[in-house]
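One structure is given below, encoded as structure tokens.
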Number of protein chains: 2
Amino acid sequence: MTAPESTLASPSWAQTDDTHDPALRSWVESANDPKTDFPIQNLPFGAFWHDDRGCGIGVAIGDQVVDMLILRDAGVFDDLGDAAVGIFTDNLYPFILEGSSARRALRRRMSELLREGNKELAENAELRKQAVCAQSDVRMVLPTMIGDYTDFYASIHHATNVGTMFRPDNPLLPNYKHIPVGYHGRASSVVISGTPIVRPCGQTKADDADAPTFGPCKLLDYEMEVGAFIGEPNAMGRSVSIADAEEHLFGLVLVNDWSARDMQKWEYVPLGPFLAKNFATTISPWVVTMEALAPFRVPTFERDAGDPKPLPHLFNSDNESHGGIDITVEVWIQSQQMKAQNIEPVRLSRGSFANMYWTLSQMLTHHTSGGCNMEPSDLIASGTVSGPTKDSRGSMLELSWRGTEPIDLPTGEQRRFLADGDEVIMRGYCEREGFRRIGFGECRGVIMPAST
Amino acid sequence: MTAPESTLASPSWAQTDDTHDPALRSWVESANDPKTDFPIQNLPFGAFWHDDRGCGIGVAIGDQVVDMLILRDAGVFDDLGDAAVGIFTDNLYPFILEGSSARRALRRRMSELLREGNKELAENAELRKQAVCAQSDVRMVLPTMIGDYTDFYASIHHATNVGTMFRPDNPLLPNYKHIPVGYHGRASSVVISGTPIVRPCGQTKADDADAPTFGPCKLLDYEMEVGAFIGEPNAMGRSVSIADAEEHLFGLVLVNDWSARDMQKWEYVPLGPFLAKNFATTISPWVVTMEALAPFRVPTFERDAGDPKPLPHLFNSDNESHGGIDITVEVWIQSQQMKAQNIEPVRLSRGSFANMYWTLSQMLTHHTSGGCNMEPSDLIASGTVSGPTKDSRGSMLELSWRGTEPIDLPTGEQRRFLADGDEVIMRGYCEREGFRRIGFGECRGVIMPAST
């Protein structure tokens, strides 16, 4: 174990153990590549479709996927008892229902099973052939059934940027530093990475027009976010304390909160964004568990000296010292012309989830503080992850400063907002001295023309 | 048939047939009481729990409930073919999936079966004993699994009242007459009538305070709304036209959109209501089908001469002539003191759903116009049903004009907002010369003290 001493006094959810040991190697050779998102220290869960075998739920290891249902049927999890009973269907929902101890037990078992030297699966040729295949041979699907989806607004840099553009006199509203502002999103239109995104139509009104018109969105944008799946539920009328909040988180994905800025501007008063957001939200397929992220916990955002201390129900020392997660998030773009000319995607931004004003625990605690019941598999997203610098802005609205500073692409094209044929590619990963890189894979979507 | 001539040229979804004939009587005697909400002309669907038999789905007739699953197992629906295949579980979801033709076929079959003179069930003592019981012997549960819940804001009277209180300079925002303003609500906390409502806690900030505080909501309110369950879905990226929208509606319920006004005021900018609404939403248990409501279709709201005509995708002649529904909605209250003194509930308001600026078809068309996919069993609520007169205001905020005009109760108590122990009772019904009264039953909830 090489975990630096600083983590030893950390809360249990930030503690590392031998599953994080960077010296651990897997008999799946691609997992030992230092650049992989999925070393044996990660072991994220996902759901997939295999043309021969149908639906499955699996764990990513290097460039391979391990089919959990086949392992269970082969008795590999028999010693886990009830921990494996959730593994019986085509998505993670029943497994998430089993709770955090089941997740931890399965993670530990998979870590043993996939270690270099372990022969149970590695040297059982028949089982290995059935249960292990290349990720390129499966099509990932939504990891679970999302009941409710909530979107927050937790980056003060994003809120300030957007506020400055839309309300120059009043960029940051008075509630911002007191509550993690959030709103309910649309669960039915959450789709898996790779799903084409049809440009939405909607009402917009030009500033100088007398009346609105209906037609394809002209200011289509992405938002780079991090999403958390809820594990343990809370009963209606009962809040989750800030001390307990981490125990209610299952794991994280990348989220692209596609946004129609012109529609949003016209519709959003007084009840918030609606059609500007609900046409599609894309998530990455592999759910990276809270356990895999333990080594990357960092102090919460450093508030300015004049900022208010959060009210007691949103404050505790563990959250102050370890509530943040240092996930590097990147947005890349490849236009249709770039594809035609075989030009690789170019990076638009790189920021860190550690820059959020509010932590996931604070978001969840706030969400339940009035008694709202969170159900297993509900999704909460962070809001756009923007940092203090221009190159860390997590939306094109901010990068092009509402279109006034267009972005140059290698083809000579310019972008103020997204064009048809553009593919947006989000990536996320954690890196820290003394630990293996833990990645999220990709969250992709290509813009299709509006269907008018 | 006594349908007035005016409906003969109506769109198919507003056409009456012999199931609406006011002369029809049922062998269930209580259904022939002129005051019942559930005559044989209604036949709403719901889900229930029976202590001996467990879960069931049923149809209300007078003061009785008919268990559909038992009828199906007895072969009563054999002639319907596929129309009855959705009747196999403990809620309406699979039945709603079967689509509108299945709903219509089952309605027609139930109308025959329950008519005076029909002996199939009436004179089969054994089956009747199994399948028919008093509503007082079952406990109603949520009729279906709600995927997404959306709340609109479709009463211009409500929007103007609230706007005048909160933004006196700018009561009605510029988008109001162009789009049915709506926002996403919380599906997990939609509960069935009778569920106690715990007073939420939350952050609020007094106008003269430097900082917010956290504690029990002081300005707890109800909102009297009408909700529609979606039947036929639409694919993501494909909108529903105004001409087709009615075909996507399954049926209606009453909705109490409980609201924490003090929390709402502090949190709602810029992303809309969140904790102020998501602690609970109550619905009435019986889903009144669009077919049962056919005789009560009325022209859409009469816009002022200067009001804009809706954009083409939100406008058609059928919607103009029959898009409204004349449902009378009433709110009653009974305080704990009133209960202790055996004083019956008193009525706070009576309004009509015909007074909404936007129709349900316009709400659904708008909702899907950007490509958002609606799924079977999704719930859309209308927003507070307020009319032009004071006694038709559908929230206590409006009735007490933000607490400045308190409401007198028969005990001598006054109400500016809801007190612990208050029970709010909503009722809805349709009445028209030449037709039987069609009712919704009740939507009830009693306020429990905050759990601090």
Next on the checklist: When you scan the stretch A:192-207, do you find a residue that is at pLDDT below 95, within 14 Å of chain B (Cβ to nearest Cβ) and out of contact with any strand residue (DSSP E or B) (no Cβ under 9 Å at 6 or more places or on another chain), even just one?
Outcome noted: yes
Checklist entry - Somewhere in the stretch A:231-246, is a residue modelled with pLDDT of 95 or more, within 23 Å of B:Asn234 (Cβ to Cβ) and crowded, with 22+ Cβ neighbours inside 10 Å? => result no
Checklist entry - In the stretch A:160-179, which residue that is away from every other protein chain (no Cβ under 11 Å) and not aliphatic (A, V, I, L, M) is farthest from A:Thr389 (Cα to Cα)? => result A:Asp169
Checklist entry - Given the conditions (1) without any contact (Cβ under 8 Å) to a residue 60 or more places away in the chain; (2) surrounded by 20 or more Cβ atoms within 10 Å (Cβ to Cβ); (3) among the hydroxyl-bearing types (Ser, Thr, Tyr), which single one is not true for A:Ser352? => result (2)
Next on the checklist: Could you tell me how many of the residues in the stretch B:72-86 are in contact with an Asp or Glu (Cβ under 9 Å, 6 or more places away or on another chain) and open to solvent by less than 10 Å² (accessible area, probe 1.4 Å)?
Outcome noted: 2
Item to check | Hits in the stretch B:123-179 - residues which are open to solvent by less than 20 Å² (accessible area, probe 1.4 Å), more than 20 Å from B:Gly194 (Cα to Cα), assigned to a loop (DSSP other than H, G, I, E, B) and in contact (Cβ under 8 Å) with a residue 12 or more places away in the chain | outcome: B:Asp148, B:Ala154, B:Ser155, B:Tyr176, B:Ile179
Next on the checklist: Let me spell it out: the conditions are (1) outside any loop (DSSP other than H, G, I, E, B); (2) in contact with a helix residue (DSSP H, G or I) (Cβ under 7 Å, 6 or more places away or on another chain); (3) among the small types (Gly, Ala, Ser); (4) under 23 Å from A:Lys390 (Cβ atoms), and A:Ala228 meets all of them except one. Which number is the exception?
Outcome noted: (4)
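Can you name every residue in the stretch A:375-394 that is polar (S, T, N, Q) and either open to solvent by less than 10 Å² (accessible area, probe 1.4 Å) or over 22 Å from A:Pro406 (Cβ atoms) (or both)?
A:Ser377, A:Ser382, A:Thr384, A:Ser386, A:Ser392, listed by residue number.
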Next on the checklist: Please go through the stretch B:368-396 and give me each residue that is away from chain A (no Cβ under 14 Å) and of a type in the set (A, V, I, L, M, F, W, C), ordered by number.
Outcome noted: B:Val385, B:Met396
Checklist outcome for this item: Exception for A:Pro273 within (1) within 7 Å of chain B (Cβ to nearest Cβ); (2) under 12 Å from B:Gly370 (Cβ atoms); (3) out of contact with any helix residue (DSSP H, G or I) (no Cβ under 6 Å at 6 or more places or on another chain) falls at (3)
Checklist entry - How many residues, within the stretch B:37-51, are open to solvent by 20 Å² or more (accessible area, probe 1.4 Å) and at pLDDT 95 or above? => result 2
Next on the checklist: Just to be sure I understand, how many residues within the stretch B:19-35 are assigned to a loop (DSSP other than H, G, I, E, B) and buried (at least 21 other Cβ atoms within 10 Å of the Cβ)?
Outcome noted: 1
Checklist entry - From B:Arg115, B:Arg103, which residue is basic (Lys, Arg), closer than 30 Å to B:Tyr183 by Cα and open to solvent by less than 70 Å² (accessible area, probe 1.4 Å)? => result B:Arg103
Item to check | Number of positions in the stretch A:229-260 that are under 22 Å from the mean Cα position of the chain (by Cα) and either of a type in the set (Phe, Trp, Tyr) or more than 13 Å from chain B (Cβ to nearest Cβ) (or both) | outcome: 17
Next on the checklist: Just the residues that are open to solvent by 20 Å² or more (accessible area, probe 1.4 Å) and part of a loop (DSSP other than H, G, I, E, B), please, taken from the stretch A:418-436.
Outcome noted: A:Ala419, A:Asp420, A:Glu431, A:Arg432, A:Glu433, A:Gly434, A:Phe435, A:Arg436
Checklist entry - Is there a residue being without any contact (Cβ under 8 Å) to a residue 12 or more places away in the chain, in contact with an Asp or Glu (Cβ under 8 Å, 6 or more places away or on another chain), open to solvent by 10 Å² or more (accessible area, probe 1.4 Å) and of a type in the set (S, T, N, Q) anywhere in the stretch A:180-202? => result yes
Next on the checklist: Quick check on A:Ala235: is it out of contact with any helix residue (DSSP H, G or I) (no Cβ under 9 Å at 6 or more places or on another chain), of a type in the set (A, V, I, L, M, F, W, C) and either farther than 21 Å from A:Arg350 by Cα or part of a helix (DSSP H, G or I) (or both)?
Outcome noted: yes
Checklist entry - So which residues in the stretch B:83-111 are over 22 Å from B:Glu126 (Cα atoms), touching a helix residue (DSSP H, G or I) at 6+ places or on another chain (Cβ under 7 Å) and charged (D, E, K, R)? => result B:Glu98, B:Arg107, B:Arg108
Checklist entry - Any chance the stretch A:125-142 includes a residue that's within 14 Å of chain B (Cβ to nearest Cβ) and not basic (Lys, Arg)? => result yes
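Answer with yes or no whether B:Ala9 is assigned to a loop (DSSP other than H, G, I, E, B) and at pLDDT below 90.
yes
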Checklist entry - In the stretch B:205-223, how many residues are touching an Asp or Glu at 6+ places or on another chain (Cβ under 8 Å) and open to solvent by less than 30 Å² (accessible area, probe 1.4 Å)? => result 3
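Could you grab me the full set of residues in the stretch A:53-98 that are part of a strand (DSSP E or B) and over 23 Å from the mean Cα position of the chain (by Cα)? Before you say what the answer is, go through the steps one by one.
Taking the stretch A:53-98 as the starting set, the residues that turn out to be part of a strand (DSSP E or B) are A:54-61, A:64-67.
Listed by number, the list holds a single entry, A:Gly54.
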Checklist outcome for this item: Conditions (1) open to solvent by less than 10 Å² (accessible area, probe 1.4 Å); (2) part of a strand (DSSP E or B) -> A:Arg347 fails only (1)
Next on the checklist: Quick check on the stretch A:180-191: of everything there that is assigned to a strand (DSSP E or B) and facing chain B (nearest Cβ under 7 Å), which residue is farthest from B:Gln264 (Cα to Cα)?
Outcome noted: A:His184
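The values are calculated or read from the model by the stated rules, or taken from the named source; none is laboratory data. All values derive from a computational prediction rather than experimental measurement. All Cβ positions, glycine included, derive from the backbone under ideal geometry; neighbour counts span all protein chains shown. These area figures cover heavy atoms from the full protein model, side chains too; ligands, DNA and RNA do not enter into them. Shrake-Rupley method; radii C 1.70, N 1.55, O 1.52, S 1.80 Å.
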